[in-house]
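Report on one structure; see the data block that follows.
Rule-based calculations on the coordinates, nothing more; no lab input. Keep in mind it's a predicted model, so treat the numbers as computed, not measured. Methodologically, a virtual Cβ is constructed for each residue, glycine included, from the backbone with ideal geometry; neighbour enumeration extends over all protein chains shown.
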Amino acid sequence: MRKDKAKQSRQDADNLFPDLKRTGGSSVGRSENPFQDGPFEAVQRNQDESTIWKENLISLPVGVELPPGYESVSQVREAMERGWRVKWVREGNNELVTEFPEGWAAVRPETGPVELRDSAGIVRGVYGWAEDAELRILPRYRVESQSNSTSGLGSLLVRDRAKGQILERSSNWSAQTGTNHPDWTRLSVWLDLRYPQHRDPFQYWQDCEENSENGVR
């Protein structure tokens with residue numbers, strides 16, 4: 001039964017962002033110590049519980065899907081610390097309790113995976129609810145499908161998720177979707193030329209750039 005739940009959780013995440021290119025990425029499950037040197041700060045057990053559990057504490061799965069260009073879980077965690085100003089509070093068997101900046105939240109819709117949203121309500125990551133779920137961190141720019149419910153055909157568009165803007169559209173409507181769409185290559189090249197680091201989910205976001213420039217850890 002546990003394997004069935006894990007499979008369903010991964011399918012929910014894939015269904016939410018079906019066209020997210022995963023070339024160069026890999027899946028990493030739990031490790032005994034995914035943080036290697038252990039960036040967790042000691043928690044004072046004699047503190048009042050109300051001072052520990054705050055609204056901006058979010059539980060994340062231990063597993064992480066490695067984005068393209070990242071070779072280890074520890075590299076992803078370091079990028080989260082630097083770009084998102086995440087602080088690690090405690091680690092359990094199946095979850096990591098993390099402190100996010102004010103306004104971030106984990107929202108679980110009626111269907112689909114849990115959405116990690118920033119203070120502006122933009123989905124920055126998704127993960128399932130099973131014990132062995134993995135966090136998938138999402139980029140700012142991506143090619144996605146758009147369907148026509150009347151004709152059953154689909155087109156493609158390049159979306160800036162930070163501003164909610166459509167930057168480029170395909171010229172064809174086709175029964176083929178996703179990477180099989182005839183305009184997939186053209187739009188992918190268009191995106192690569194303008195935002196060459198778009199596959200890195202910590203690039204081009206304003207908060208990540210500002211925090212990196214200021215040396216926030």
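Structure summary
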read-out: Theoretical FRET efficiency, 1/(1+(r/R0)^6), r = Cβ-Cβ of Ala175 and Thr111, R0 30 Å, to 0.05; value: 0.70
read-out: Loop-located GluC sites (Glu not before Pro) in the stretch 109-217 whose Cβ has at most 13 other Cβ within 10 Å (DSSP); value: Glu110
read-out: Extension gain, Ser147 back to Leu193 (0.36 nm per residue minus Cα-Cα distance, nm); value: 14.0 nm
read-out: Within the stretch 102-183, trypsin sites (Lys or Arg not before Pro) in DSSP loop having at most 13 other beta-carbon neighbours inside 10 Å; value: Lys163
read-out: The stretch 60-217 - Debye-derived log10 I(q)/I(0), Cα point model, q = 0.10, 0.14 Å⁻¹; value: -0.43, -0.80
read-out: Spin-label model distance (nm) - Asn93 vs Ile166, 7 Å beyond Cα toward Cβ; value: 4.8
read-out: Extension gain from Ser119 to Leu157, taking 0.36 nm per residue of separation minus the Cα-Cα distance; value: 11.1 nm
